[in-house]
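Worksheet: one structure, shown below.
The values are calculated or read from the model by the stated rules, or taken from the named source; none is laboratory data. None of these values were measured; they are calculated from a predicted model. Neighbour counts are summed over all protein chains in view; Cβ atoms, including those assigned to glycine, are modelled from backbone coordinates with ideal geometry. Protein only, heavy atoms only, side chains kept; ligands, DNA and RNA dropped before computing areas. Shrake-Rupley method; radii C 1.70, N 1.55, O 1.52, S 1.80 Å.
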Amino acid sequence: MKETGIIDHIEIYVSNLEKTRLFWETLLIQNLGYKIYQQWENGISFILNETYIVFVQAKKTVPEYNRTRVGLNHLAFTVPTNKMVDKIRSQLLSFQYKELYAERYPHAGGTESYAFYFEDPDRIKVEVVSKE
């Protein structure tokens, strides 16, 4: 049984499921220990323990997502070490994903934070932060 208050799942509609899947498989499966949970023609979900993230192909893609409008600003994932943040950063940059706040890496979140910020294919901001 899940603990009270734990997020069960997050569902995000996307403009291009194929591009989204490539991005999130790289981050979630290759780096963070998630597994594919469910797959269907217009969607995919990834699970870690009892929490899962769902991506669904949107039927309406206008207006485009903008994190500065009302709604989701970003998703943040923790990793145990600074070295792991560096590794994920190098990997995602090698695939040409857009880094945010590169000039302030790794302390864009403040001097007490060691994090990497970047965008998924729909420009959803994603943060990987170390707990070291």
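Structure values in brief
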read-out: Which listed residue is touching a helix residue (DSSP H, G or I) at 6+ places or on another chain (Cβ under 8 Å), farther than 26 Å from ILE6 by Cβ and touching a residue at least 12 places away in the same chain (Cβ under 8 Å), from ASN66, ASN31, ASN42; value: ASN42
read-out: Selection status of PRO63, out of contact with any strand residue (DSSP E or B) (no Cβ under 8 Å at 6 or more places or on another chain) and within 19 Å of VAL14 (Cα to Cα); value: yes
read-out: Residue satisfying condition, being within 13 Å of the chain's Cα centre (by Cα), at positive phi, open to solvent by 50 Å² or more (accessible area, probe 1.4 Å) and of a type outside the set (S, T, N, Q), within set ARG89, ARG123; value: ARG123
read-out: Test: residue in region 91-100 that is out of contact with any helix residue (DSSP H, G or I) (no Cβ under 9 Å at 6 or more places or on another chain), of a type in the set (Ser, Thr, Tyr), closer than 15 Å to ILE124 by Cα and part of a loop (DSSP other than H, G, I, E, B); value: no
read-out: Given (1) more than 12 Å from VAL128 (Cβ to Cβ); (2) outside any loop (DSSP other than H, G, I, E, B); (3) open to solvent by 40 Å² or more (accessible area, probe 1.4 Å), index of the condition ASN66 fails; value: (2)
read-out: Criterion (open to solvent by 30 Å² or more (accessible area, probe 1.4 Å) and more than 28 Å from LYS87 (Cβ to Cβ)) met by exactly one of THR61, THR51; value: THR61
